[in-house]
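Written below as structure tokens is the structure these notes are about.
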Amino acid sequence: MAEIEPGARLCSGYFDEAAQIALLRELEKAIARAPLFTPTMPRTGRPFSVRMTNCGPLGWVSDRARGYRYQDRHPETGEPWPPIPPVLLAAWEALADYPHPPQACLVNFYGREARMSLHQDRDEADFSAPILSVSLGADCRFRLGGGKRADSSRVFVLSSGDVMTLGGPARLRFHGVDRLLPELAPKLASPLFAEGGRINLTLRRVT
Ligand code: MD6
Ligand code: FE
């Protein structure tokens, strides 16, 4: 586990290929129950370029009318979110250094053109827990900024199987995904990645 900035730790290749494939099978099942949806921005209603779903007791959603929030139901099916896959709970136990399990696992799916603009994750009531992020599929250019939007930022690559935690002094740093990188290595075999793409999972404490 490398500390890239105070509180920002990167564990490259934490999940080996077999573990990534096992996790993908779990996600295929979760997405069959809780389909990917396209969130929209508060006020403007502009669609995100990523599609999302969640696992766990709570899930993060956004739409024009009600903005960013956590809720216990899928916004389109009205069903509870499926459980967080046990391998992710184990990764949290191993790496989060926090005495309670995650309450939400946000699943972000990036098609080849998707990106995530610079943001802070601050819809949680408690910032003492880290956020743990898992990457699957295509590599991406990840940008880590500072505590203010205008602060300088650094860029590094996140690859399939990597786990990153943002905690402590890094918990509220701005960050985003500039773009996916060309897929050079063979893709992970999954209907989810039929046209390439990337999945990012973020485990969070909410309340
Ligand atoms: C992504 N990640 O990697 C977007 N948020 O696709 C995030 O927005 C993120 O990686 C909080 C903590 C870690 C993250
Ligand atoms: Fe984030």
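Read the figures in this text as sums done on the coordinates, not as results from a lab. Nothing here was measured: the structure is a model prediction, and the numbers come from that model. For neighbour counting, all protein chains shown are included, and Cβ atoms are generated from backbone atoms with ideal geometry for every residue, glycine included.
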Taking a ≥ b ≥ c as the square roots of the eigenvalues of the Cα gyration tensor, with a/c under 1.5 meaning rounded and otherwise prolate when a/b exceeds b/c and oblate if not, the stretch 1-74 is oblate
Surrounding net charge for LEU23, when Lys and Arg each add one and Asp and Glu each subtract one, Cβ distance under 14 Å | -2
Whole-Hz Karplus ³J(HN,Hα) for the stretch 154-171, in order, using 6.51 cos²θ - 1.76 cosθ + 1.60 and θ = phi - 60°, x for Gly and Pro?
-> 10, 10, 8, 9, 9, 10, 4, x, 6, 10, 10, 10, 10, x, x, x, 9, 4
In the stretch 43-117, which trypsin sites (Lys or Arg not before Pro) fall in coil by DSSP and have 16 or fewer other Cβ atoms within 10 Å?
-> ARG43, ARG64, ARG66, ARG112, ARG115
Length added when fully stretched, GLU17-PHE156, from 0.36 nm per residue minus Cα-Cα | 47.9 nm
Specify whether the C-alpha gyration tensor of the chain places it in the rounded, prolate or oblate class, a ≥ b ≥ c being the square roots of the eigenvalues: rounded for a/c under 1.5, otherwise prolate if a/b is larger than b/c and oblate if not.
-> rounded
Once Lys and Arg are counted +1 and Asp and Glu -1 for all other residues with Cβ under 14 Å from that of SER160, the total becomes -3
Per the Debye formula with a single identical scatterer at each Cα and no solvent contribution, what log10 I(q)/I(0) holds for the stretch 32-112 at q = 0.22 Å⁻¹?
-> -1.02
Just the Cα atoms of the stretch 9-50, one point each, no solvent: what log10 I(q)/I(0) does Debye give at q = 0.20, 0.25, 0.33 Å⁻¹?
-> -0.79, -0.83, -1.01
From the Cα gyration tensor of the stretch 131-207, with a ≥ b ≥ c the square roots of its eigenvalues, which class applies: rounded if a/c is under 1.5, or else prolate if a/b is larger than b/c, or else oblate?
-> oblate
Rounded to the nearest 5, the percent of antiparallel DSSP beta bridges in the chain equals 95 percent
Among GLU76, GLU28, GLU17, which one moves the most in a GNM of the chain with springs linking Cα atoms closer than 10 Å?
-> GLU76
Summed over the other residues with a beta carbon less than 14 angstrom from that of PHE174, with K and R at +1 and D and E at -1, the charge totals +3
Taking N as the residue count of the stretch 67-152, its alpha carbon Rg divided by 2.2 N^0.38 Å gives 1.25
